[in-house]
1. Take the residues in region 420-449 that are of a type outside the set (Ser, Thr, Tyr) and touching a Phe, Trp or Tyr at 6+ places or on another chain (Cβ under 6 Å), then tell me which one is surrounded by the most Cβ atoms within 10 Å (Cβ to Cβ).
2. In region 112-137, which residues are under 26 Å from LEU248 (Cα atoms) and free of Cβ contacts under 8 Å to residues at least 60 places away in the same chain?
3. If we scan region 356-365, do we find a residue that is assigned to a helix (DSSP H, G or I), modelled with pLDDT under 90 and more than 19 Å from VAL191 (Cβ to Cβ)?
4. Within the set of pairs 6 or more residues apart or between chains, which connect a residue that is among the acidic types (Asp, Glu) inside region 321-346 to a residue that is crowded, with 22+ Cβ neighbours inside 10 Å and assigned to a helix (DSSP H, G or I) with Cβ atoms less than 6 Å apart?
5. I'm told LEU34 meets every condition in (1) buried (at least 18 other Cβ atoms within 10 Å of the Cβ); (2) in contact (Cβ under 8 Å) with a residue 24 or more places away in the chain; (3) in a helix (DSSP H, G or I); (4) within 24 Å of the chain's Cα centre (by Cα) except one. Can you identify the failing condition by its number?
6. Collect the residues in region 38-78 that are of a type outside the set (A, V, I, L, M), within 18 Å of TRP433 (Cα to Cα) and either surrounded by fewer than 17 Cβ atoms within 10 Å (Cβ to Cβ) or within 24 Å of the chain's Cα centre (by Cα) (or both), keeping them in residue-number order.
7. Sort out which residues of region 252-288 are modelled with pLDDT of 90 or more, surrounded by 13 or more Cβ atoms within 10 Å (Cβ to Cβ) and of a type in the set (Gly, Ala, Ser), and write them in order of number.
8. More than 19 Å from ASN360 (Cα to Cα), part of a helix (DSSP H, G or I), modelled with pLDDT of 95 or more and among the polar types (S, T, N, Q) - does that describe any residue in region 208-225?
Amino acid sequence: MDLNEKNGNARIIIAGAILAVLYLLAGSLPIKHLWGFNFLSYLPWFSLPVFGLLFFLALLPPSADRIYSIVHNIFRKFNGLLLTWRIIIIVALSISVFYLFRVHVHSLGDGYQRIYQIEQGYLYYHTEVLDFFLHGVLYAALKLVGIFSGETTYIIFSIAAGTIFVLAVYLFRFTNDDEFDNGPIIKVLIVTFGGLQLFFGYAESYSLFYVFSLLYILYAVKFMLSRRGLLTASIMLALACASHITSLVLVPSFVYLIYHNQKNVKPKTFGSKYPPIIISFTVVAAVLVQEILLRVNIGEYITSVSGGYLHLLPFSDYTILSPMHLFDVLNEILVVAPVALILFIAGISSTNTGARKKLNIFLLIAGLSAGLMLMIIDPKLGFPRDWDLFSIPAAILGLAVSIYFINKINFSRKAPYVKLITGFFPVILLSGWVLMNSSLKGQLTRAEDLLTLKFPRFSGHGERILLL
């Protein structure tokens, strides 16, 4: 092991230790403004020593090596089962976990508003056409066979979407011959991002947005590696845009995929050259046209284009570069993709530039587009309230950063304890987030605490009514 490799391993341990200490401090003091990391303060007192022990075992190389060996053997035996049995086990475990740790009160976003809308029979909402329509259809179908509430509809839809997502990620292959050694760790990370909370009975319109956006990134990476998967990537993009209009943030990266396909892959047949363009841009155009027509024909939607964006210049207390906004963005990343910070610290000074330059260009475009959305979109209800909307660009950014640095530091050749820190830390951090949200007392206490903070963009009227 050369000096650069040792330094890289040390940086991963140091970065992990910093996050662990910050997580435990935020949960014990507590630090209310660190809303993306203070979950342990809303759990029973013994959660602190338990999580502290888990962090310690993961950061100590001998114990980490042992845990990695055990987990590796479990996965090896699991992958030795027949595919049918593996699918059954994944589906059963996913449904069980999502249901047992589901949210019991919908104070995280606009859940109660969404429940009311589908119970009133609404099937259309201009920003989330497909998602809203499918929720409405499911509610109508369930009403035919029994008495089901709008809340139950969202719970079923959320858990089903999450189960499909986990299964799709497991079955996904970056290349058909498995030459991409870093594939397994990337798949582990993507199913441990904080956005997974959207599948724990969460009542909002972002579950499909999350699923299709991240699957689009995976299939786009597959295409950049193997020249296969462009058609699937285009379908994922189309479904993402139909699910939520802010998926348009993915279009610049798809334009690069098309450019790469035409210039470097040079497909010879019509079927491999034009369908991806036709499918994706037809849906993108339809989404844009219906939004424009709505704003033209319905007066209440005719607003300034700049109305949904933050100012760059300090015209108010909350701007793109204001400390509060930057701190909110950091909190969002800590909620959704904290492992990206570990990999960034580990790989930023690495001398290896990576051999997959075209893939890196795609990741750069996707990451910058998502980061731009995080920075410039005005969270009118406050980041803590709108965390779910911003979880998708945060996940896209986190995934792009993770894939880039995993490749850059030759992660597949890292020592077992380094792999465990990278793969196990997100599981620990996600557990605190999910456990807090599944606790009725914990979630309501957190909602009350958020109301006491002075967020320039935070609207707490709905939460105040709920808490009363």
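1. LEU420
2. If the condition is that a residue be under 26 Å from LEU248 (Cα atoms) and free of Cβ contacts under 8 Å to residues at least 60 places away in the same chain, then GLN117, ILE118, TYR122, LEU123, TYR124, PHE133, GLY136, VAL137 are the ones that fit.
3. There is at least one residue in region 356-365 that is assigned to a helix (DSSP H, G or I), modelled with pLDDT under 90 and more than 19 Å from VAL191 (Cβ to Cβ).
4. If the second residue must be crowded, with 22+ Cβ neighbours inside 10 Å and assigned to a helix (DSSP H, G or I), the pairs left are GLU332/PHE390; GLU332/ALA394.
5. The single condition LEU34 does not satisfy is (3).
6. Result: ASN38, PHE39, SER41, TYR42, PRO44, TRP45, PHE46, PRO49, PHE51, PHE55.
7. SER253, SER280, ALA286
8. Within region 208-225, not a single residue is more than 19 Å from ASN360 (Cα to Cα), part of a helix (DSSP H, G or I), modelled with pLDDT of 95 or more and among the polar types (S, T, N, Q).
The values are calculated or read from the model by the stated rules, or taken from the named source; none is laboratory data. As the structure is a computational prediction, the values presented were derived from the model and not from experiment. Cβ: placed from backbone, ideal geometry, glycine included. Neighbour counts: every protein chain shown.
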